[in-house]
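Heads up, the thing below is written out as structure tokens.
Any read-out appearing in this document is the output of simple, stated calculations on the displayed coordinates, not a laboratory observation. Because the structure is a prediction, the values reported are computed rather than measured. Because the Cβ atoms are built from the backbone with ideal geometry, glycine has one as well, and the counts that use them run over all protein chains shown.
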Amino acid sequence: MLLHATGDPDRTLAISQVSHAWLAWQLAERWGNRTFNRPLPRAEALSAVMLHDSGWTEYDAAPDVDDEGRIRTFNRMQVEVQFDIWRASVDRTALTSRYAALLVAEHFAGMAKTRSRDLLEQGDTWAARLAESFCAEMDRRQASWIETLSADARFQDCLTGPRRDSNSGILGLSDRVSVYLCGALANRFEVPAPIAGGTTETVTLTAVDRTHWAVEPWPLEGDRVRLQCEGRLLPRTRFGSAGELRGVLQRAPIERLSFTLMRASAVG
């Protein structure tokens, strides 16, 4: 779950991880032009974006709160719970496409490696070992899928090398852009985007206002792209218990949140 501050302290949108993933999919579906790589094979790469957070469904329907009554969002959870959810996301993606699951497993393995380093710096060796074990599990699953898919002509040029890196990069940047937009985390941020030749180019997104963003250089089809997600409107962000939070979520009205990405040259 992500919390989107609306500017009104009495109006916070709680956006589920699967709605965040839907917004990421809308971006990936329009991603690519003569300069920037498109997802390919398209169906599988886009499925990875859409399904990469599918393991969060049950948690987002009944989220927990910390000792101060704040919602335990995706970045403030116990590591063992988070790894179980990531594992479930990979499992559910594999039911649709093994190649999509391969990309999702790589995505979460990279996040777990970063988490392991952070945990070691904090002196939490037990949790860091959990992260390392999760990484090893995801690496084994990737190796297994690469072996089984290598005989299929559809995947032979995208299991390793630049095409695989490009698809992984599109999943990563779509996720990052969606997190920043849904979480209202910054007025300006950058993402590395894959281009021809196996390299990347930095794309910068700058807020024009709360819903419009200038993008430079332009990595998408057309001149502007509109993205949307849905969230539940919360009257506050602290609750007496997880049960109270769940009751509020069940009664909360649903609102649609939209963002428009534009060529920087088209702004103004």
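Here the chain carries DSSP beta bridges of which approximately 90% are antiparallel, counting only pairs with both residues inside. The ellipsoid equivalent to the alpha-carbon distribution of region 99-145 has semi-axes of 23, 10, 5 angstrom, derived from the gyration tensor eigenvalues as √(5λ) and listed largest first. Label positions at Val208 and Ala136, each projected 7 Å from the Cα along the C-beta direction, are separated by 5.1 nm. Amide H contacts of Ala184: none lie under 5 Å away among residues 5 or more positions distant or on a separate chain (H built 1.01 Å from N in the peptide plane; Pro and chain starts excluded). Counting only Cβ charges, +1 for Lys and Arg and -1 for Asp and Glu, the dipole size of the chain around its Cα centre is about 560 debye. As a size descriptor, the averaged projected area of the C-alpha convex hull of region 13-92 was calculated at 6.6 nm². Using equal-weight Cα scatterers in the Debye expression, the normalised intensity of region 50-96 in log10 at q = 0.13, 0.20, 0.33 Å⁻¹ is -0.30, -0.65, -1.24.
Measuring max minus min along each principal axis, the C-alpha atoms of region 60-208 give extents of 54, 41, 33 Å (largest first). Here the translational diffusion coefficient of region 124-243 follows from Stokes-Einstein with Rh set to the Kirkwood radius across Cα pairs; for 25 °C and 0.890 mPa s it amounts to 135 µm²/s.
With the highest mean first, a sort of the peptides 255-265, 149-159, 213-223 on other beta-carbon atoms found within 10 angstrom per residue produces 213-223, 255-265, 149-159.
With 0.36 nm allotted per residue and the present C-alpha distance subtracted, the Gln122-Thr35 stretch has 27.2 nm of extension available. Using the Stokes-Einstein relation with a Kirkwood hydrodynamic radius computed over Cα pairs, the translational diffusion coefficient of the chain at 4 °C and a viscosity of 1.567 mPa s comes to 67 µm²/s.
So what is the relative contact order of region 117-223, in percent, for Cα pairs below 8 Å that sit 6 or more residues apart? RCO, region 117-223: 13 percent. The residue among Gln122, Ala112, Ile146 whose Cα reaches farthest toward the positive pole of the charge dipole of region 2-266, with charges on the beta-carbon of Lys, Arg, Asp and Glu, is Ile146. Each label point was placed 7 Å from the Cα along the Cα-to-Cβ direction; for Thr160 and Ala264 their separation is 3.8 nm. P(r) tail, region 1-145: Cα-Cα pairs separated by more than 21 Å, 51% of all pairs.
Simple point charges give the picture: +1 on the Cβ of Lys and Arg, -1 on the Cβ of Asp and Glu, and for region 90-238 a dipole about the Cα centre of about 540 debye.
Approximating the spin labels as points 7 Å out from Cα along Cα→Cβ, the Arg226-to-Ser144 distance works out to 4.4 nm.
In the chain, helices alone account for a calculated mean residue ellipticity at 222 nm of -16000 deg cm²/dmol, with every DSSP H run of four or more residues adding -39,500 (n - 2.57).
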